[in-house]
1. Considering only residues of the stretch 144-190 that are of a type in the set (S, T, N, Q) and more than 22 Å from PRO329 (Cα to Cα), which is surrounded by the fewest Cβ atoms within 10 Å (Cβ to Cβ)?
2. Which members of the stretch 335-351 meet the condition of being part of a loop (DSSP other than H, G, I, E, B), open to solvent by 10 Å² or more (accessible area, probe 1.4 Å) and either in contact with a strand residue (DSSP E or B) (Cβ under 6 Å, 6 or more places away or on another chain) or at negative phi (or both)?
3. Which of the residues that make up the stretch 396-420 are among the charged types (D, E, K, R), under 21 Å from LEU538 (Cα atoms) and in a helix (DSSP H, G or I)?
4. Looking at (1) among the β-branched types (Val, Ile, Thr); (2) within 30 Å of PRO189 (Cβ to Cβ); (3) outside any helix (DSSP H, G or I), which is the one condition that is false for ILE287?
5. Has the stretch 446-467 got at least one residue that is farther than 30 Å from GLY213 by Cβ, at pLDDT 95 or above, among the small types (Gly, Ala, Ser) and buried (at least 22 other Cβ atoms within 10 Å of the Cβ)?
6. Please determine, by comparing only the residues of the stretch 319-331 that are open to solvent by 20 Å² or more (accessible area, probe 1.4 Å) and in contact with a Ser or Thr (Cβ under 9 Å, 6 or more places away or on another chain), which one is farthest from LEU260 (Cα to Cα).
7. Sort through TRP174, TRP140 and tell me the only one that's at pLDDT 95 or above and touching a Gly at 6+ places or on another chain (Cβ under 9 Å).
8. When you check ASN307 against the structure, is it in contact (Cβ under 8 Å) with a residue 40 or more places away in the chain, touching a strand residue (DSSP E or B) at 6+ places or on another chain (Cβ under 9 Å) and in a loop (DSSP other than H, G, I, E, B), yes or no?
Amino acid sequence: MTRRITRTLGQLAALLVLIFFLLLIADSRYRVLPNSLHSHLPSHHTGTVITDVSIAFCSSANPFSSCRLDADEWHRVEKDLYLQNGWLSSAWLHVKRRKEDELNADDKVVVGIRIGRLDPGVGEKGQGKERWESRPGGIWILRSSKRHDSDSSKVVTAVDVLFGADAVDPRPGWLLSQTPLLVDNGDLPARLSIRHGQPHLPKDVTLHVRKDGRFKILQISDAHLSTGTGACRDAIGSDGKPSTNCEADPRTLDFLESILDDEKPDLVILSGDQVEGPAAPDTQSAIFKFAAPLIERNIPYACIFGNHDEEGSRSLSRTQQMALLQTLPLSLSHPGPENVDGVGNYYIEVQAEKSQHSALTIYLLDSHSLTPDEKKYKGYDWIKPSQISWFKSTAESLKKEHAKYSHIHMDMAFIHIPLPEFADRSDNIIISGENKITAGEWREPVTAPKYNSHFYDALVEHRIVAVGAGHDHVNDYCAINPNPAHSNPLKHGQHHHASGLGPWMCYAGGSGFGGYAGYGGYHRRVRVWEVDASAGRLVTWTRLECCTPEQKAEQHGQTVLVEGGVVVA
């Protein structure tokens with residue numbers, strides 16, 4: 001009797017499981033479950049779906065025209081399709097969107113978007129049975145009232161606008177239209193980017209030293225990317241002569257991609273002026289261009305800002321750019337504490353190969369832009385007291401944890417605008433009694449802040465072995481201070497590095513053809529930093545965009561900066 005009951009219960013359980021799975025399959029196709037149950041299924045869209053798309057055209061000469069459709073029904077994408085260059089005219093993309101579980105039985109959802117003059121149902125193979133609806137700007141949308149389509153992978157869940165013939169969208173699940181909108185906005189065509197299905201949330205990234213004990217960082221500074229292809233400044237052709245027919249961004253990105261493929265870095269530090277603000281009326285399009293090759297190669301990256309990134313009336317602010325970067329795959333960028341000056345004060349830990357202990361800490365700080373006091377301190381801004389306090393307290397709080405690492409832990413820092421100590425020829429870079437600059441050239445005046453907030457002394461105090469900067473495009477030297485306490489002596493009981501030397505100060509050199517590079521035939525370049533965690537060694541060199549393939553492959557100015565955890569000259 002007991003066996004019969006057990007067998008019956010087992011058969012009943014199996015039947016219930018079968019019915020459950022059949023309901024899941026049926027609901028995924030036909031939405032047979034009520035919304036109260038359907039909303040808890042994995043296939044349910046927790047966000048919104050697009051139900052319509054349109055463009056509002058308006059003119060300042062026509063007081064009756066409106067640049068905004070009914071705000072209760074439509075969401076406006078805040079990008080003028082003319083990029084504010086339409087003189088009297090402007091145009092704005094609008095979308096209708098609703099939460100998936102709030103759709104009515106007669107609501108339609110967008111499952112396809114095309115751009116063109118012809119109905120895709122007539123001009124596109126395989127679409128003859130579909131009923132496409134026309135919208136302004138050459139937009140054609142395909143909508144479905146089938147209940148299961150709102151949860152399918154083909155439903156459109158977001159629409160964005162990017163600009164330029166060279167625009168890319170590196171976000172997973174997004175597809176950029178190859179055909180621009182039929183809106184006459186000159187040489188920066190507006191293109192729709194469309195996301196189908198569930199959004200892809202960025203995954204957490206953890207950095208580790210490689211099996212051979214090494215970790216390679218590629219520092220890219222001053223890429224100066226624009227919206228569209230941009231125009232080259234101070235470009236040199238393969239023949240060594242000035243190049244007059246040159247598109248800046250494609251050449252910059254070709255150079256950077258070749259270095260990424262050659263060096264295969266474990267981390268990329270973008271140390272400011274990624275974007276040439278005035279030449280990038282759509283900052284998002286420029287940011288996506290430098291992120292795309294990194295995401296394509298699965299290389300983590302971290303950004304800080306320079307003085308040009310948010311320059312220009314139409315540029316995104318630092319806060320907006322950082323928020324955008326945080327949504328992208330493999331980005332380690334972070335705004336940092338709200339009570340600290342600037343946007344982008346944070347640190348990154350690189351863990352040992354087979355443990356959770358940090359082998360390398362990288363500090364990144366916002367060096368701001370123009371001086372807040374032009375009369376007294378002309379030029380550029382400086383690292384603020386709140387940033388120095390944050391750096392000191394953070395470095396102090398990490399000491400105990402770093403001491404657990406079985407080898408030699410090292411610390412580095414990156415900023416955009418160089419510290420005043422970069423500029424001192426007579427004192428800070430005297431090595432062995434001679435004025436000496438290693439691993440590069442000093443070609444132009446150092447445009448460091450005129451006010452010294454003594455952040456360099458804080459780097460000395462907390463044993464930072466090297467600080468990398470950008471900003472001055474044609475300087476790429478590494479220099480060192482043999483007497484780091486000369487400007488602010490340490491109190492009794494405090495110590496320098498074991499060698500008595502302050503951290504190395506290294507320029508990356510400018511990488512982008514959208515920025516200047518005069519001063520006598522300078523070639524764009526990037527800086528590579530290689531850490532050998534097993535030996536406590538730090539080596540650096542630069543890579544150039546120039547000359548013959550053999551010269552391009554050279555590691556210029558290779559220099560050992562740290563040996564056995566000790567800063568060396």
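1. Of everything passing the filter in the stretch 144-190, GLN178 is surrounded by the fewest Cβ atoms within 10 Å (Cβ to Cβ).
2. PRO335, GLY336, PRO337, GLU338, ASN339, VAL340, ASP341, VAL343
3. Once the filter is applied, which keeps residues that are among the charged types (D, E, K, R), under 21 Å from LEU538 (Cα atoms) and in a helix (DSSP H, G or I), the stretch 396-420 yields only LYS399.
4. (3)
5. yes
6. Across the stretch 319-331, the extreme among qualifying residues is GLN320.
7. The unique qualifying residue is TRP140.
8. Criteria met by ASN307.
The values are calculated or read from the model by the stated rules, or taken from the named source; none is laboratory data. Because the structure is predicted, anything quoted here is derived from the model rather than measured. Every residue, glycine as well, gets a Cβ built from its backbone with ideal geometry; the counts of neighbours run over all protein chains shown. Ligands, DNA and RNA are stripped out before the accessible areas are found, and what is left, the full protein with its side chains, is counted by its heavy atoms. Shrake-Rupley method; radii C 1.70, N 1.55, O 1.52, S 1.80 Å.
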